[in-house]
Amino acid sequence: GDGMIVVTGYTSGNGEFGPFRDDRGGRGYIASLNMTGHWQWVAYTEATTLRESIVDETGNVFVIGYESEATLTLWHSDGTAIDSSTSGGSAAQLLLGRLNSTGHWQWVTSIPTSTSNSRIVGSNIAFALNGDLYIAGFCQTETIPSYIMSSSFTCTSSGYTSFVAMVSMDGDFMWAVPSSTTPHTDNGDFADLATDADGNAWFTQVIGTSRD
């Protein structure tokens with residue numbers, strides 16, 4: 001929105017973004033700059049790896065990644081902390097969130113994991129034509145529940161199952177489909193996710209020496 005630049009990631013030590021500093025470490029961050037390269041704000045999440053962020057025309061920021069907290073602490077850009085129950089635990093579970101143009105969290109949602117060996121990781125995000133969200137990720141040793149799609153699908157322990165899903169701008173899951181019926185033996189990350197002028201979602205993915 002209006003030339004806004006957003007960077008997303010994870011800091012294991014002190015986080016320094018111009019005049020903004022965080023000494024807690026082990027935090028996911030979302031930071032905003034203006035068109036002249038001046039830091040505007042930084043918001044944080046507890047013990048979260050954030051993989052990608054996008055900004056809509058009004059400056060709302062959407063972020064995707066994964067976390068492993070039953071109760072996730074979020075920090076607005078003004079330092080105020082809020083807690084959000086994500087029904088998780090020790091395993092990696094997909095995290096999707098929305099902030100407004102001033103770095104205040106509006107909502108977070110997740111696909112919770114059920115065992116300590118499970119993984120559901122969010123890796124990519126893109127806008128649909130109507131402002132809803134396409135997201136991509138991968139899972140292992142877990143069942144993507146039926147409330148996300150008409151019939152659930154299972155990610156086995158023998159490999160990684162990649163998937164694409166649609167989520168409303170308010171954080172409601174609408175559907176999800178696996179990219180392949182055969183699990184991959186390597187990490188199932190998508191390289192990129194994008195939409196065309198007709199609203200179709202396209203993704204690229206390299207798994208070892210094979211492509212989907």
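For region 49-122, the per residue solvent-accessible surface stands at 38 Å², with DNA, RNA and ligands left out and a 1.4 Å probe. Segment T195..M174, full-extension length gain: 5.8 nm, with 0.36 nm per residue of separation and the alpha-carbon distance subtracted. Full extension of the segment from W39 to S116, taken as 0.36 nm per residue of separation minus the current Cα-Cα distance, would add 23.9 nm.
Here the peptides 132-140, 104-112 are ranked by packing, the mean other Cβ count within 10 Å, and the order with the highest first is 132-140, 104-112. Annotation for region 21-59: GluC sites (Glu not before Pro) lying in DSSP loop with at most 12 further Cβ atoms inside 10 Å of their Cβ are E57.
Once neighbouring chains are kept in place and the probe is 1.4 Å, which whole percent of the accessible area of region 1-114 is contributed by carbon and sulfur? Ligands and nucleic acids excluded, carbon and sulfur give 44 percent.
The values are calculated or read from the model by the stated rules, or taken from the named source; none is laboratory data. In this text, all values refer to a predicted model and were calculated from it rather than measured experimentally. Please note: Cβ atoms are built from the backbone with ideal geometry, for glycine as well, and neighbour counts cover all protein chains shown. Accessible surface areas use protein heavy atoms only, side chains included; no ligands, DNA or RNA. Shrake-Rupley method; radii C 1.70, N 1.55, O 1.52, S 1.80 Å.
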